[in-house]
Amino acid sequence: MKRNSYFFKVLVVILTFAIAVTLTSCNSDSKSEDNESAGGSYPLTVKDQMDREVVIEKEPERIISIAPSNTEILFALGLGDKVVGVTDFCDYPEEAKQKEKVGGFSDPNMEKVLSLKPDLVLATIMHEQPVRMLEELNIPVLVLNPKTIEEVFDALLLVGKVTNREDSAKELVDSLEARMKAIEEKVSSIPEDQRPKVFYELWPSPITSAGPGTFVHDLIEKAGGINVASDASKPYPEYSQEMIIEKNPDIIIFSHMGSSQQSKEDIINRPGWEDIKAVKEDKIYYVDENIVQRPTPRLIEGLEEFAKIIHPEIFKD
């Protein structure tokens, strides 16, 4: 009887141990699956939009942006709390204005950048010298250089990948693509001869527009218009007042950058412009340049604004 009792106790111990091992294994597997679903497998090697190979050793916690467009992308992906430095010109969203400043867009203060101890810097094609210096100091720097709306989406996905925000980036891109396609589908059946001719004025003196290879050109076409500068030989062509009169656009959209104080009234009062169809029919509109020229998610907001202006009969709301 005692012997049976002894074997029973041993059996209980063995079973208890087996159950404990099984539970530990399950918990370990569960944690492993959680970590895997969370992504963030580092070190990570990616190619940026200048075809540079960049190695990210660990999930970035201290990020510096040296371009307003890059700052917008970071905040759009919910990374604002990890941004430790921005340029003097990073003005969107509002929270970006409160971040530590690292100098101008074209001439960031590299001493200030280094003092903030970044583990990731987002730059652009115009930051050749800062990029080289950061590389020499083994600080990861990602260059973003989108030239089309689709490449802006690629930039979002790239930043999402290196910052462990892949799900957020994909969700955002899916939403932006859906909004863009909704507009393209609505205007797709409009015949060419029924598409309004649109003149976009970037700068008043000399009169400068946006031609092929620019976001504005892309937005006008996607919104169902015809860009009167579509035949230009360079991205930002200059025109005389007489040339615009001759082109006779149906719609004029202006987004004067910088310190220009030109207004709708100034455009209306230009010599000879009273004969332009857009002026006759009072179809002159101002659009914030930051939603049609910065390579950020707000380009889709710019597209929606253009669509309402170019085809109000379709996009009333």
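The values are calculated or read from the model by the stated rules, or taken from the named source; none is laboratory data. Treat the numbers as computed from the prediction; the structure is a model and nothing was measured. Neighbour counts run over all protein chains shown; Cβ positions are idealised from the backbone, glycine included.
Brief remarks follow.
- Qualifying position, being small (Gly, Ala, Ser) and either at pLDDT below 95 or over 21 Å from residue 192 (Cα atoms) (or both), among 224, 272, 211: 272
- Exactly one residue among 121, 152, 141, 131 is surrounded by 12 or more Cβ atoms within 10 Å (Cβ to Cβ), outside the structural domain of residue 303 (by TED's automatic domain parsing), under 28 Å from residue 214 (Cβ atoms) and in contact with a Phe, Trp or Tyr (Cβ under 9 Å, 6 or more places away or on another chain), and that residue is 152.
- Scanning segment 177-204 for residues that are touching a Phe, Trp or Tyr at 6+ places or on another chain (Cβ under 9 Å) and either surrounded by fewer than 15 Cβ atoms within 10 Å (Cβ to Cβ) or assigned by TED's automatic domain parsing to the domain that holds residue 214 (or both) gives 177, 198, 199, 200, 201, 202, 203, 204.
- Test: residue in segment 290-308 that is over 21 Å from residue 175 (Cα atoms), out of contact with any Pro (no Cβ under 6 Å at 6 or more places or on another chain) and either in a loop (DSSP other than H, G, I, E, B) or not assigned by TED's automatic domain parsing to the domain that holds residue 200 (or both): no
- Tally, over segment 97-111, of residues that are in contact with an Asp or Glu (Cβ under 8 Å, 6 or more places away or on another chain) and in a helix (DSSP H, G or I): 1
- The condition (being touching an Asp or Glu at 6+ places or on another chain (Cβ under 9 Å) and closer than 21 Å to residue 145 by Cα) is satisfied by just one residue among 125, 63, 73: 63.
- Taking the listed residues 85, 78, the one that is among the small types (Gly, Ala, Ser) and part of a loop (DSSP other than H, G, I, E, B) is 78, with no other qualifying.
- Going through (1) within 17 Å of residue 208 (Cα to Cα); (2) in contact (Cβ under 8 Å) with a residue 12 or more places away in the chain; (3) over 25 Å from the mean Cα position of the chain (by Cα) one by one, residue 246 falls short only on (2).
- For segment 231-259, a residue qualifies if it is modelled with pLDDT under 95 and either surrounded by 15 or more Cβ atoms within 10 Å (Cβ to Cβ) or not assigned by TED's automatic domain parsing to the domain that holds residue 218 (or both), and the qualifying residues are 255, 256.
- Within segment 157-167, considering residues that are of a type outside the set (D, E, K, R) and more than 19 Å from residue 84 (Cα to Cα), the one surrounded by the fewest Cβ atoms within 10 Å (Cβ to Cβ): 157
- Scanning segment 260-280 for residues that are among the acidic types (Asp, Glu) and touching a residue at least 24 places away in the same chain (Cβ under 8 Å), we see that the one that is surrounded by the fewest Cβ atoms within 10 Å (Cβ to Cβ) is 275.
- In segment 71-100, the residue that is farthest from the chain's Cα centre (by Cα) out of those that are aliphatic (A, V, I, L, M) and closer than 20 Å to residue 115 by Cβ is 84.
- Verdict on residue 233 being in contact with a strand residue (DSSP E or B) (Cβ under 8 Å, 6 or more places away or on another chain) and among the polar types (S, T, N, Q): no
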